[in-house]
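First the structure, in the form of structure tokens, and then the observations on it.
The values are calculated or read from the model by the stated rules, or taken from the named source; none is laboratory data. All of these numbers come straight from a predicted model, not from anything done at the bench. Glycine also receives a Cβ, built like all others from the backbone with ideal geometry; neighbour counts cover every protein chain displayed.
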Amino acid sequence: MQGETAYIGIKEIKPLDRLLDKIAEHKGCGTSGGEGKSGCGSKSAPADMPAHIWDKIKNHPCYSEEAHHHYARMHVAVAPACNIQCNYCNRKYDCANESRPGVVSERLTPEQASKKVLAVASAIPQMTVLGIAGPGDPLANPDKTFRTFELINKTAPDIKLCLSTNGLALPGLVDRISQYNIDHVTITINMVDPQVGQHIYPWIFWNHKRWTGIDAATILHEHQMEGLEMLTARGILTKINSVMIPGINDEHLLDVNREVKKRGAFLHNIMPLISAPEHGTVFGLNGQRGPTAQELKALQDQCEAGAMNMMRHCRQCRADAVGLLGEDRSAEFTTEKVEQMEVEYDLDARRAYQRRVEEQRDAKLAAKEQALAGLDGEVGDIAILVAVATKGEGRINEHFGHASEFQIYEVTTAGSKFVGHRRVDHYCQGGYGDEDALPNVVRAINDCHAVFVAKIGGCPRDELREAGIDPVEDYAHEFIEESAIAYFKEYLARVKSGQIEHQARGDAAIRQGAYIAAA
Ligand code: CLF
Ligand code: SF4
């Protein structure tokens, strides 16, 4: 822990419990209901971003927030082994650096993986990126990882290749990464000071030997920094993932942010620790908590103020994830199902589909520009958060009761921006509302002034109002950002006329349990 706390401490956060107890008491429906932050969010290449970089990120759902509403990625779980131990990982599950605890992926051979990629690419033409992110560390399994990339390079050369690693084996493998046209590499870096690192990594395995304590953290740190510099020197785009662990590396992540930016990292993704005793991890068992939603946002905001591109739309997805970020279609592509599929890789059909996607993006961005024009001349420091139920395409097109996550947008007089997402259990359970789920939904979006939905039942609507969250159906099926700006203009008008008084909301909780509400 270094430096002074510069963001919201837990004691400053308005308590949720009283409000939530009140809602829980009510029986629901009675069992009846790199630089240039804007770059990642714009469709056109921003003025400060070279065209060749824009070309790499414009349809990568992780490297461009705006693209993640339209384009999908898939992972193939070909890399079972790992060469380090993280205190937030249980080897029964996938690599928690890029995966939530509590889910296990189906292991594949490179040949099975290659067939699966073609099957998914044929069925989901907006799938543009293949990532290898586990279930262990891809570079601790170099032969399987590179064989898979080699096969995809040959059969589906339009698909971008991406990998995620803890960085220990990276320096020795950067040349192979270049050789296979892997354009995007993520390194999970949780510390730049081994004194901090020793509390996160109990051991590493390097040079035929197990290292522990400061020695382990020092070797890992040196390899991560060297690997990052080597990737930057070769023009490979890098994203840094960091797990925010309150009391261990939370303030220290500002140092991490500064050091990785200095070494050319393009994007920094600070993710919340997800930790519960049932995960069986060291942190889960010793009661280490994860950050609250506002603690996470405050740290991301601070890093962004230092002119770093921050990723806030990561879904900590599993090592066999398929689909848009936030949806999970992996069950449609099990090995058994893929084996039975007749796969025809139709590049022209994929391109035609993607042209239609680009038309949607154009329409969405034009609508936002038009809405922004009306904000001209508005000044003030009012900021509100709105939660949005969406199935993709940048539209408000999901029912409240069917949402397995809400996207969070911050709206100010400067415009709107995506600042996060919150996972929830479905409120609607096959035709009736789950009264136990509603307090958890409110807990997840409690810092928001409004929730935008395509539709909502009377009972949750009343209870959200009671919690101070405005349920809004007026913009059903409209574009999210255009609607958020329109709502904000009305909100400002009501504040100015004295009809309402603007009040900051409290904090919200990040879901810690295993993910059970699959989309
Ligand atoms: Fe996969 Fe990672 Fe590539 Fe994306 S995921 S290897 S960069 S294609 Fe994306 Fe998933 Fe977050 Fe990873 S949402 S966990 S950041
Ligand atoms: Fe687990 Fe990933 Fe850490 Fe390895 S690098 S111990 S698989 S979280």
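Among residues of segment 323-345 that are under 25 Å from residue 392 (Cβ atoms) and polar (S, T, N, Q), those with a Cβ under 9 angstrom from a residue that is surrounded by 16 or more Cβ atoms within 10 Å (Cβ to Cβ) and modelled with pLDDT under 85, sequence gap 6+ or separate chain, pair up as 330/105; 330/106; 330/318; 334/106. Note on segment 256-283: among residues that are more than 13 Å from ligand 2 (Cβ to nearest atom) and farther than 21 Å from residue 165 by Cβ, the one that is modelled with the highest pLDDT is 258.
Answer with yes or no whether residue 355 is over 30 Å from residue 490 (Cβ atoms), surrounded by fewer than 12 Cβ atoms within 10 Å (Cβ to Cβ), at pLDDT 90 or above and away from ligand 2 (no atom under 16 Å from the Cβ). Taking the combined requirement at face value, the residue satisfies it.
Taken across segment 310-328, residues that are assigned to a loop (DSSP other than H, G, I, E, B), of a type in the set (Val, Ile, Thr) and at pLDDT below 95 do not occur at all.
For every residue, the table says whether it meets (1) part of a strand (DSSP E or B); (2) within 16 Å of ligand 1 (Cβ to nearest atom); (3) among the small types (Gly, Ala, Ser).
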site	(1), (2), (3)
143	no, no, no
148	no, yes, no
152	no, yes, no
157	no, no, no
161	yes, yes, no
164	yes, yes, yes
174	no, no, no
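Taken over segment 291-320, residues that are touching a Gly at 6+ places or on another chain (Cβ under 8 Å), aliphatic (A, V, I, L, M) and either under 18 Å from residue 246 (Cα atoms) or within 16 Å of ligand 2 (Cβ to nearest atom) (or both) amount to 3.
Per the listing 193, 183, the residue uniquely among the acidic types (Asp, Glu) and either more than 24 Å from residue 316 (Cα to Cα) or touching a Gly at 6+ places or on another chain (Cβ under 6 Å) (or both) is 193.
Quick grid of which residues meet (1) at pLDDT 90 or above; (2) surrounded by fewer than 24 Cβ atoms within 10 Å (Cβ to Cβ); (3) under 16 Å from residue 312 (Cα atoms):
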position: 383; (1), (2), (3): yes, yes, no
position: 393; (1), (2), (3): yes, yes, no
position: 412; (1), (2), (3): yes, yes, no
position: 419; (1), (2), (3): yes, yes, yes
position: 422; (1), (2), (3): yes, yes, yes
position: 426; (1), (2), (3): no, yes, no
position: 434; (1), (2), (3): no, yes, no
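Counted as qualifying within segment 331-449 are the helices (runs of 4 or more DSSP H) with 2 or more residues that are under 23 Å from the mean Cα position of the chain (by Cα), namely 347-373, 437-445.
Scanning segment 123-155 for residues that are among the hydroxyl-bearing types (Ser, Thr, Tyr) and within 25 Å of the chain's Cα centre (by Cα) yields 128, 145, 148.
Screening segment 252-276 for residues that are assigned to a strand (DSSP E or B) and in contact with a Lys or Arg (Cβ under 7 Å, 6 or more places away or on another chain) and picking the one that is nearest to residue 297 (Cα to Cα) gives 269. Applying a threshold of 7 Å to beta carbon distances and a minimum spacing of six or more residues, or different chains, the list of pairs starting in segment 362-376 at a residue that is under 15 Å from residue 411 (Cβ atoms) and ending at one that is among the basic types (Lys, Arg) and surrounded by fewer than 19 Cβ atoms within 10 Å (Cβ to Cβ) reads 374/489; 375/489. Write out, first by first residue and then by second, each pair whose Cβ atoms fall under 8 Å of each other, whose residues are 6+ apart or on separate chains, and whose first residue, in segment 227-238, is among the acidic types (Asp, Glu) while the second is buried (at least 17 other Cβ atoms within 10 Å of the Cβ) and not in a strand (DSSP E or B). So the pair list comes out as 229/263.
If you check residue 287 against the conditions, is it closer than 30 Å to residue 202 by Cα and outside any helix (DSSP H, G or I)? Taking the combined requirement at face value, the residue satisfies it.
Which residue is nearest to ligand 2 (Cβ to nearest atom), if the candidates are limited to segment 49-84 and must be of a type in the set (Val, Ile, Thr) and either in contact with a helix residue (DSSP H, G or I) (Cβ under 6 Å, 6 or more places away or on another chain) or within 23 Å of residue 309 (Cβ to Cβ) (or both)? The qualifying residue nearest to ligand 2 (Cβ to nearest atom) is 78. If I filter segment 167-181 for residues that are within 21 Å of the chain's Cα centre (by Cα), within 15 Å of ligand 2 (Cβ to nearest atom) and modelled with pLDDT of 95 or more, do I get at least one hit? Among the residues of segment 167-181, at least one is within 21 Å of the chain's Cα centre (by Cα), within 15 Å of ligand 2 (Cβ to nearest atom) and modelled with pLDDT of 95 or more, which makes the answer yes. Of all residues in segment 85-95, those being within 11 Å of ligand 1 (Cβ to nearest atom) and either small (Gly, Ala, Ser) or touching a helix residue (DSSP H, G or I) at 6+ places or on another chain (Cβ under 7 Å) (or both) number 0. Checked against (1) part of a helix (DSSP H, G or I); (2) within 12 Å of ligand 2 (Cβ to nearest atom), residue 219 passes all but a single condition, namely (2).
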